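A short reminder: the numbers here are calculations on the coordinates, not readings from a lab. Because the structure is predicted, anything quoted here is derived from the model rather than measured. Please note: Cβ atoms are built from the backbone with ideal geometry, for glycine as well, and neighbour counts cover all protein chains shown.
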Amino acid sequence: MEWFSDAHIWWLLIIGFSAGLMDAAVGGGGLLQIPGLFGALPAQTSVPVVLGVNKFASASGTLVAAVQYTRRIPVPWAMLVPAAILAFIFSYLGSHVVVYLPTAWMKPSILVILIVMAVYTFLKKDLGQVQRQSHLSRREYVFGLFMGALIGLYDGIFGPGTGSLLAFIFVRFFAFDFITATASSKVINLTTNLAALIFFIPNHYVVWHWAIPLAAANLIGGLIGARLAMRGGSKLLRKGFIILLCIMIGKFGCDLL
């Protein structure tokens, strides 16, 4: 693997910082980082290496964002911990069975889901604006475990938008405010990233002299993004979430066309 020029290193740092900032605040950092890496890394770099470098950096940014959020925002650990374990297992399984599954239908399906999420969030002005006071019911607890497994499987097979899907599920089906939903999504998203790295690292798909500076920039971006999100509150996150969904809809739509 060839080394970068100074200009390439700076471009890598800018990509990592921007993706970490975006992902910690509203999610969707991979939509910025993965295309950026395809443009920044040498042309002969294989797809698994790009994805491995991306996952290592993303895990670093998600880790620091998760720590920042959970230190200040109460989250339902009783549901999140087992859901995160299931997400880890199913993400690991998903990364191995992806070659046997027809993934061509995924982008159209996700595009429809994103459009529904954007319209619903835009029309329901009070969505995610009120902090929940009651405890989770047994039914919600079981549903949370199921969604942890399902999202983990999706992240292992496909990946983009995992954090945004999780945040919407927590807001819509658990009546969390956007801050609590974002904090909760980071916990599960961290485990799915770690599961993917168990596959990428032993297979030498993480090139360390690219991954480490990208991860450092992603980590700093994640730290700042989480603090900005907590300072802005649920209103800011709702607006950012809608903008992110529009960007994702445009990205998925262009890919399909």
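The C-alpha atoms of the chain occupy a region whose extents along the principal axes are 55, 40, 37 Å, arranged from largest to smallest. Note on the chain: GNM, Cα springs under 10 Å; of Pro82, Pro35, Pro202, the largest mean-square fluctuation is that of Pro202.
Compare Gly52, Gly163, Gly39 in a GNM of the chain, Cα atoms joined below 10 Å, and give the one with the largest fluctuation. Comparing Gly52, Gly163, Gly39 in a Gaussian network model of the chain, the most mobile one is Gly39.
Net charge of the neighbourhood of Leu228, taken over other residues with C-beta under 14 Å away and scored Lys/Arg +1, Asp/Glu -1, is +4. Comparing mean-square fluctuations of Leu37, Leu123, Leu219 from a GNM of the chain with C-alpha springs under 10 Å, the top value falls on Leu123.
Only one residue of Leu153, Val64, Pro48 has its Cα farthest out toward the positive end of the dipole of the stretch 6-256, where Lys and Arg carry +1 and Asp and Glu -1 on Cβ, and that residue is Val64.
Cα axis of helix 29-40 to longest principal axis of the chain: angle in degrees, 0 to 90, nearest 10? On a 0 to 90 degree scale, this one is about 10. In a simple Cβ point-charge model (Lys, Arg +1; Asp, Glu -1; nothing else charged), the chain has a dipole of about 920 debye relative to its Cα centre. Normalising the average separation of contacting C-alpha pairs (under 8 angstrom, six or more residues apart) by the number of residues puts the relative contact order of the chain at 41 percent.
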